[in-house]
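**Q** Dropping the structure in here first, questions after.
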Amino acid sequence: MKTRVRIPGLRLLHSPGPTRVPEEVLAAMMRQPTDLADPRVPALVSACESGMKALLQTERADVFFYAANGHGGWEAVIANLVAAGTSILVPGTGHFSDGWAEQVAAFGGRALRTPYVEGMPIDPAAVEAALREDTARQIAAVFVVHTDTASGTTSDLAALRKAIDAAGHPALFVVDVVASLAAAPFAMDALGVDVAIGASQKGLMLPPGLAFVAANERALALAGDTPAPRFYWDWARRRSDLNYLKFCGTLPIAHLAGLEAALALIESEGLAAAHARHARLARAVHAAVGAWGEGGALRVFTRAVEARSASVTAIEVAPGIDPEALRSVARERFQVAVAGGLGPLHGRVFRIGHLGDMNEAMLLGCLAGVQAAMLAQGIACGPGGVDAAIASLVA
Ligand SMILES: *Cc1c(COP(=O)(O)O)cnc(C)c1O
């Protein structure tokens, strides 16, 4: 395979992260760094903080930025809230909640789980039952993955907040919005979310490398009571007006410049319009998969239709079909990059990312490329996938 020859035209990126970076964001990131005493630096930080608060719809939380990926965001939360022996409820959503639970355990925490049912979102009744069972009120927090990117399944945060309240449990509500923010509705304060975690390379349309955590007073108070050693991740140390403390050293200035530009793009589109666009593109993908699946070769992995993610669709293939071979043909022959299956779904699904800087033409190009790759592979898919997507878009 030749990897160094220039390929004419665009190569479509439909991974659910990293996602395409808009030109406006690339241009902002190309600016030369400034002297850290330059007044433009605090102005940039304050624009990023206020823009993130607006995007998260919070007035109550402080926002902390880390030069890190999403796992760094998870670690920031764990380092502040989990001491040896701390119990955390991590409801099962598949691969990403499994990974987060593993990280809790690595810090000496006890990760309690609710069962994961493939194709389904988190069952709020299971969360309520687990919290009711905890009569000693030892569970410090519930760590929820809003959209599990491996399965393309989004859980209902309002229902989960209700479940915590119905159990009368004081546990913090901590939500990973890495894959959902800017693609699906999320209102931190209205949902009663105490901590939200995200990363730059998905709906925020930046390259990987910047994580953020928003934490409200309840979360900061619990962190203050948590006797775990920490330094780089420490919210208390970072609650400062001095950028040197706020970022625990030099700030990731290029990523913040990119974030400022990305937040401006989201604001100019309008958040509700951005959500509607993601929902529309997602429906077109579901329509395409439905038509391809006539004959039984493939189907949308998330059976619960209302829980299908606006960001990414996992497509389950029938036994005998190799999704990795399909990906490779789609990428190398048709210039469309889609994602593979993670963890237990490896070899069972491929995934189409439809989040971030994405429009109808790009999505139709992706679907046509995937359809061409399926035909090239001799997969017995229904022929009407692209037509079904177009019909969904014009409806
Ligand atoms: C991508 C992702 C992560 C991990 O992010 P990395 O940047 O790969 O560490 C965590 N949670 C969710 C839901 C994700 O989609």
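**Q** Can you send over the carbon and sulfur percentage of the accessible area for region 271-394, probe radius 1.4 Å, protein chains only? Display every interim value, and only then the final one.
**A** Numbers: 2670 of 4670 Å².
So the carbon and sulfur contribution to the accessible surface is 57 percent.
**Q** Please give the peptides 229-237, 195-203 ranked by average Cβ packing (other Cβ atoms within 10 Å per residue), highest first, as a rough proxy for protection. It would help to have the intermediate numbers written out before the result.
**A** Numbers: 229-237: 14.9, 195-203: 28.4.
By packing density, highest mean first, the sequence is 195-203, 229-237.
**Q** So, one more: Would you pull out the residues with amide H under 5 Å of residue 87's amide H, same chain only if 5 or more places away, H placed 1.01 Å from N?
**A** Result for residue 87 returns 110, 140.
**Q** Based on alpha-carbon centroids, what's the gap between region 288-367 and region 79-122 in Å, whole number please?
**A** 27
**Q** Shifting gears a bit: Suppose a student asked you for the relative contact order of region 23-267, using Cα pairs under 8 Å spaced at least 6 residues apart; what percent would you report? Could the numbers behind the result be given before it?
**A** On the way: 451 pairs, mean separation 68.7, N = 245.
That works out to 28 percent.
**Q** If you don't mind, there's one more thing I want to ask. Rounded to the nearest whole Å³, what is the per residue volume of the convex hull around the Cα atoms of the chain?
**A** Numbers: hull volume 56.7 nm³, N = 395.
Output value, Cα hull per residue: 143 Å³.
**Q** Also: With θ set to phi - 60°, apply the Karplus curve 6.51 cos²θ - 1.76 cosθ + 1.60 along region 379-395 and write out the HN-Hα couplings as whole Hz, x wherever there is a Gly or Pro.
**A** 7, 7, 8, x, x, x, x, 5, 4, 5, 5, 4, 4, 5, 6, 8, 4
**Q** Could I ask something else about it? How long is region 1-134 along each principal axis, judged by its Cα atoms, biggest number first, in Å?
**A** 54, 48, 28
**Q** Given the -39500 (n - 2.57) contribution per DSSP H run of 4+ residues, what per-residue ellipticity at 222 nm results for the chain, rounded to the nearest 500 deg cm²/dmol? Walk me through the intermediate numbers first.
**A** Values: 14 runs with 163 residues, N = 395.
Calculated from helices alone, the mean residue ellipticity at 222 nm is -12500 deg cm²/dmol.
**Q** If I stretch the segment between residue 279 and residue 137 completely, what's the gain in nm (0.36 nm per residue apart, minus their alpha carbon distance), one decimal?
**A** 47.3 nm
**Q** Ok, one more. State in Å² the accessible area per residue of the chain; use a 1.4 Å probe, count heavy atoms of protein chains only, and round to the nearest integer. Show your work: numbers first, answer last.
**A** Numbers: 16350 Å² over 395 residues.
I get 41 Å² per residue for this part.
**Q** Among 120-126, 37-43, what's the highest-first ranking by average C-beta atoms within 10 angstrom per residue? It would help to have the intermediate numbers written out before the result.
**A** On the way: 120-126: 20.3, 37-43: 11.7.
Answer by packing, highest mean first, reads 120-126, 37-43.
**Q** Computed over the Cα atoms, what is the radius of gyration of region 120-252 divided by 2.2 N^0.38 Å, N being its residue count? Write out the running numbers ahead of the final one.
**A** Details: Rg = 16.1 Å, N = 133, 2.2 N^0.38 = 14.1 Å.
Compared with the compact-globule rule of thumb, region 120-252 sits at 1.14.
**Q** Further question on the same structure: Could you give me D for region 246-375, from Stokes-Einstein at 20 °C and 1.002 mPa s, where the hydrodynamic radius is the Kirkwood radius over C-alpha pairs? Units µm² s⁻¹, please. Don't skip to the answer; put the middle values down first.
**A** On the way: Rh = 16.3 Å.
This corresponds to a translational diffusion coefficient of 131 µm²/s.
**Q** How large is ³J(HN,Hα) for each residue in region 355-366, as worked out from phi by the Karplus curve 6.51 cos²θ - 1.76 cosθ + 1.60 (θ = phi - 60°), to whole Hz, x for Gly and Pro?
**A** 10, x, 7, 9, 9, 4, 4, 5, 5, 5, x, 4
The values are calculated or read from the model by the stated rules, or taken from the named source; none is laboratory data. The shown structure was predicted, so the numbers you read here are calculated from the model rather than taken from an experiment. Cβ coordinates were reconstructed from backbone atoms using ideal geometry, including for glycine residues, and neighbour counts include every protein chain displayed. Each accessible area value is taken on the protein alone, full model and side chains, heavy atoms only, with ligands, DNA and RNA left out. Shrake-Rupley method; radii C 1.70, N 1.55, O 1.52, S 1.80 Å.
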